[in-house]
Amino acid sequence: MIRTTHPAPPPLEVDGFSVTLHTPNVSVRPVDRVTYSVEAGEVLAVVGESGSGKTILNMAPLDLLPVGVDADMAGSVRFEGRDLLKMTASELEAVRGSGIGVVFQDPLSALNPVRKVGRQLTEGIERNLRLTPAQSESRAAELLALVGLPDPKSRMQQYPHELSGGQRQRVGIAMGISGEPRLLIADEPTTALDVTVQAQIVELLKDLQKRMGMAIVIITHDFGVVSGLADKVAVMYAGRLSELGSVRDVLVGPAHPYTRGLLQSVPSLTVPMDTKFVGLPGQPPNLAHRIDGCAFAPRCAEVRADCRGHRPGLLSVPRSSPGHLAACPVVVNQNI
Ligand SMILES: Nc1ncnc2c1ncn2[C@@H]1O[C@H](COP(=O)(O)OP(=O)(O)OP(=O)(O)O)[C@@H](O)[C@H]1O
Ligand SMILES: [Mg+2]
């Protein structure tokens, strides 16, 4: 008998994924038919201006939207082959415990204000790694030291409000990686930290990714983090991917005018930490309004009449690697 061995499914496959949010007054679609995947041990950076849909894209499938936000989802988001959108609440909770770790953009949303930091951290460790309370406590202290929190043992006795923003952010990172997840979703984990600490956190994530083969999706505004940590970049604009490709292809040869705009101030791939996006002229569109044509057209220096006709999908960028895609027919065809 011949046995065929199937390769293990990748940690994350997002396929035609859309999210529509319903508020009392209006419905918006902050994520619109997004497709990408993350392989084992791979790091994907998601970049894009504020409001482009980065947090909703990553948190909605895990049922981690802010309380009171009513969302409809379509498409699929598979974790190791299993569609998160089809899971029951308890299945999702189990996956969030050990399979997928999450670092929240706002560290306070991960922390219970009325419980000591140490207890919150050790509970997860006990549950996910099946360690004894004593083992969990020393693991928690170890993790807090790893994320650069001074005097971890006494910090563990404190409540979240007794810590500074930067300290809470480090506790949030420790919580995200405490279950030794196979996939880490980190939403701007280094934003409130100073440059030296940012670099330490990037090193820590790199080390975990290498040691545990962890895949990472990191949302960031910082091109230093992208070039220091990521293998691939997804650029979001108004709820869609405007460009997707390897860090090298996207940072060295950005195809979409939007990516070029974001990268304007970045001189080379050896970008120092804390290299933030420069301001592009104009504003992203209001997602509550209908978008006809390319959403970037009103701000685009290379706009043509047909850009306003229909909203382009991702196309292969000529003379680049096969996985390098951009949603701009004007630029893509010009290059042929
Ligand atoms: N609580 C909410 N209620 C209604 N609409 C929301 C809510 N949160 C987000 N949105 C809509 O979804 C869009 C995307 O929001 P999201 O938080 O994903 O952006 P982001 O890219 O993470 O921005 P930032 O970089 O500021 O974190 C917003 O522009 C807004 O239209
Ligand atoms: Mg966000």
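Gly97 meets each of the listed conditions (1) within 23 Å of Gly239 (Cβ to Cβ); (2) touching a residue at least 60 places away in the same chain (Cβ under 8 Å); (3) small (Gly, Ala, Ser) apart from (1). The residues of the stretch 56-75 that are farther than 12 Å from Pro30 by Cα, among the acidic types (Asp, Glu) and touching a residue at least 40 places away in the same chain (Cβ under 8 Å) amount to a single one, Asp70. Looking at the stretch 79-99, can you tell me whether even one residue there is within 16 Å of ligand 2 (Cβ to nearest atom) and either of a type in the set (D, E, K, R) or under 20 Å from the mean Cα position of the chain (by Cα) (or both)? No, there is no match, as no residue in the stretch 79-99 is within 16 Å of ligand 2 (Cβ to nearest atom) and either of a type in the set (D, E, K, R) or under 20 Å from the mean Cα position of the chain (by Cα) (or both).
Specify the residue that is farthest from Met212 (Cα to Cα); the eligible residues are those in the stretch 1-56 that are modelled with pLDDT under 95, among the small types (Gly, Ala, Ser) and more than 8 Å from ligand 1 (Cβ to nearest atom). Across the stretch 1-56, the extreme among qualifying residues is Ser27. With respect to Ala45, is the statement that it is touching a residue at least 24 places away in the same chain (Cβ under 8 Å) and either in contact with a helix residue (DSSP H, G or I) (Cβ under 8 Å, 6 or more places away or on another chain) or within 16 Å of ligand 2 (Cβ to nearest atom) (or both) true? Yes: the conditions hold for Ala45.
Filtering the stretch 174-214 to residues that are out of contact with any Leu (no Cβ under 8 Å at 6 or more places or on another chain) and closer than 18 Å to Asn128 by Cα leaves Pro181, Arg182, Met212, Gly213.
May I ask you to verify whether Ala74 is open to solvent by less than 60 Å² (accessible area, probe 1.4 Å) and within 16 Å of ligand 2 (Cβ to nearest atom)? I'd like the intermediate steps shown before the answer.
Details: open to solvent by less than 60 Å² (accessible area, probe 1.4 Å): yes; within 16 Å of ligand 2 (Cβ to nearest atom): no.
For Ala74, the condition - open to solvent by less than 60 Å² (accessible area, probe 1.4 Å) and within 16 Å of ligand 2 (Cβ to nearest atom) - is not met.
If I filter the stretch 49-63 for residues that are away from ligand 2 (no atom under 15 Å from the Cβ) and open to solvent by 20 Å² or more (accessible area, probe 1.4 Å), do I get at least one hit? There is at least one residue in the stretch 49-63 that is away from ligand 2 (no atom under 15 Å from the Cβ) and open to solvent by 20 Å² or more (accessible area, probe 1.4 Å). Does the stretch 190-212 contain at least one residue that is part of a strand (DSSP E or B), at pLDDT below 95 and not polar (S, T, N, Q)? Scanning the stretch 190-212, I find no residue that is part of a strand (DSSP E or B), at pLDDT below 95 and not polar (S, T, N, Q), so the answer is no.
Within the bounds of the stretch 166-186, is there any residue that is within 16 Å of ligand 1 (Cβ to nearest atom), under 30 Å from Leu262 (Cα atoms) and without any contact (Cβ under 8 Å) to a residue 60 or more places away in the chain? Scanning the stretch 166-186 turns up no residue that is within 16 Å of ligand 1 (Cβ to nearest atom), under 30 Å from Leu262 (Cα atoms) and without any contact (Cβ under 8 Å) to a residue 60 or more places away in the chain.
The values are calculated or read from the model by the stated rules, or taken from the named source; none is laboratory data. Note that the structure is predicted; figures quoted are calculated from it, not measured. Glycine also receives a Cβ, built like all others from the backbone with ideal geometry; neighbour counts cover every protein chain displayed. Just so you know, the surface numbers come from the protein's heavy atoms only, side chains and all, with ligands and any DNA or RNA stripped out. Shrake-Rupley method; radii C 1.70, N 1.55, O 1.52, S 1.80 Å.
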